[in-house]
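Report on the following structure.
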Amino acid sequence: MTVEATSAGAILFRDTRGQREYLLLKSRPGDWEFPKGGVEGEEELQQTAIREVKEEAGIHDFRLLDGFREDYDYVFEAGGKTIHKTVHLFIAKSYEASAELSTEHRDLQWRDYEQAVNTVTQDGPREILEQAHEYLNELKEADEI
């Protein structure tokens with residue numbers, strides 16, 4: 001029997017001296033990923049993403065950008081069960097220069113796009129980062145960020 005699970009998170013970026021950088025977190029198993037976690041209770045997906053950014057990155061001054069949400073899914077085994085997890089990722093702009101490492105992760109790094117896309121471990125999040133980067137480029141060209 002497969003158990004369904006839902007997570008939400010954010011591709012968090014900041015502008016540093018005209019350069020866009022993305023926050024990556026190194027999970028305990030060693031994957032580089034974005035702040036994300038399971039939906040709790042009756043939370044909306046955006047509420048989960050906001051809570052997870054605060055909990056996993058220690059960033060409180062940020063905002064989710066409208067108009068972007070992409071999903072990926074994967075299957076894994078845990079506690080003798082097969083789990084099918086769907087992850088919903090939003091884009092968030094950080095107004096803080098630094099982040100704090102949570103106990104859930106081994107490391108964190110702000111990376112420019114080329115570094116980030118080559119560091120993200122899994123295909124699903126990497127493809128969504130590519131889409132998010134293009135979306136942000138379009139917003140910048142339209143002078144909306």
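The values are calculated or read from the model by the stated rules, or taken from the named source; none is laboratory data. Computed from a prediction, not measured in an experiment: that's the story for all the values here. Don't worry about glycine lacking a Cβ; one is built from the backbone with ideal geometry, like all the others, and counts go over all protein chains shown.
Does ILE11 fit the bill of being surrounded by 13 or more Cβ atoms within 10 Å (Cβ to Cβ), under 12 Å from the mean Cα position of the chain (by Cα) and touching a residue at least 40 places away in the same chain (Cβ under 8 Å)?
Working: surrounded by 13 or more Cβ atoms within 10 Å (Cβ to Cβ): yes; under 12 Å from the mean Cα position of the chain (by Cα): yes; touching a residue at least 40 places away in the same chain (Cβ under 8 Å): yes.
In short, yes.
So how many residues does region 23-58 have that are closer than 17 Å to THR6 by Cβ, surrounded by fewer than 22 Cβ atoms within 10 Å (Cβ to Cβ) and of a type in the set (Gly, Ala, Ser)?
Final tally of qualifying residues: 3.
Anything in region 118-129 that is surrounded by 14 or more Cβ atoms within 10 Å (Cβ to Cβ) and assigned to a helix (DSSP H, G or I)? List them, or say none.
Hits for region 118-129 are THR119, GLY124, PRO125, ARG126, GLU127, ILE128, LEU129.
Yes or no: region 95-115 includes at least one residue that is closer than 16 Å to ALA132 by Cβ, crowded, with 18+ Cβ neighbours inside 10 Å, in contact (Cβ under 8 Å) with a residue 24 or more places away in the chain and aliphatic (A, V, I, L, M).
Taking every residue of region 95-115 in turn, none turns out to be closer than 16 Å to ALA132 by Cβ, crowded, with 18+ Cβ neighbours inside 10 Å, in contact (Cβ under 8 Å) with a residue 24 or more places away in the chain and aliphatic (A, V, I, L, M).
Of the numbered conditions (1) assigned to a helix (DSSP H, G or I); (2) free of Cβ contacts under 8 Å to residues at least 24 places away in the same chain; (3) hydrophobic (A, V, I, L, M, F, W, C), LEU136 fails exactly one; give the number of that condition.
Looking at each condition in turn, LEU136 falls short on (2).
For region 31-48, check the following and say yes or no: at least one residue is at pLDDT 95 or above, within 16 Å of the chain's Cα centre (by Cα), among the β-branched types (Val, Ile, Thr) and not in a strand (DSSP E or B).
Among the residues of region 31-48, at least one is at pLDDT 95 or above, within 16 Å of the chain's Cα centre (by Cα), among the β-branched types (Val, Ile, Thr) and not in a strand (DSSP E or B), which makes the answer yes.
Quick test of your reading of the structure: THR86 fulfils all but one of (1) out of contact with any Asp or Glu (no Cβ under 8 Å at 6 or more places or on another chain); (2) farther than 18 Å from GLN19 by Cβ; (3) among the polar types (S, T, N, Q). Name the failing condition by number.
For THR86, the exception is condition (1).
Give just the number: which of (1) modelled with pLDDT of 95 or more; (2) in a loop (DSSP other than H, G, I, E, B) does LEU25 not satisfy?
The single condition LEU25 does not satisfy is (2).
Please give the number of the condition VAL53 fails out of (1) closer than 18 Å to SER27 by Cα; (2) of a type in the set (A, V, I, L, M, F, W, C); (3) touching a residue at least 12 places away in the same chain (Cβ under 8 Å); (4) not in a helix (DSSP H, G or I).
Failing condition for VAL53: (4).
Which residues, counting only those in region 67-95, are in a loop (DSSP other than H, G, I, E, B) and at pLDDT 95 or above? So that I can check it myself, show each step before the final result.
Quick first cut of region 67-95, residues in a loop (DSSP other than H, G, I, E, B) only: 67-69, 79-80, 95.
Listed by number, the residues that qualify are GLY67, PHE68, ARG69, TYR95.
Say we look at region 59-93 and pick out the residues that are closer than 15 Å to HIS133 by Cα and of a type in the set (Gly, Ala, Ser); which of these is surrounded by the fewest Cβ atoms within 10 Å (Cβ to Cβ)? Spell out the reasoning first.
We begin by selecting, within region 59-93, every residue closer than 15 Å to HIS133 by Cα; these are 64-70, 89-93.
In the following step, the residues that additionally are of a type in the set (Gly, Ala, Ser) were identified as 67, 92.
Details: GLY67: 10, ALA92: 25.
Out of the qualifying residues, it is GLY67.
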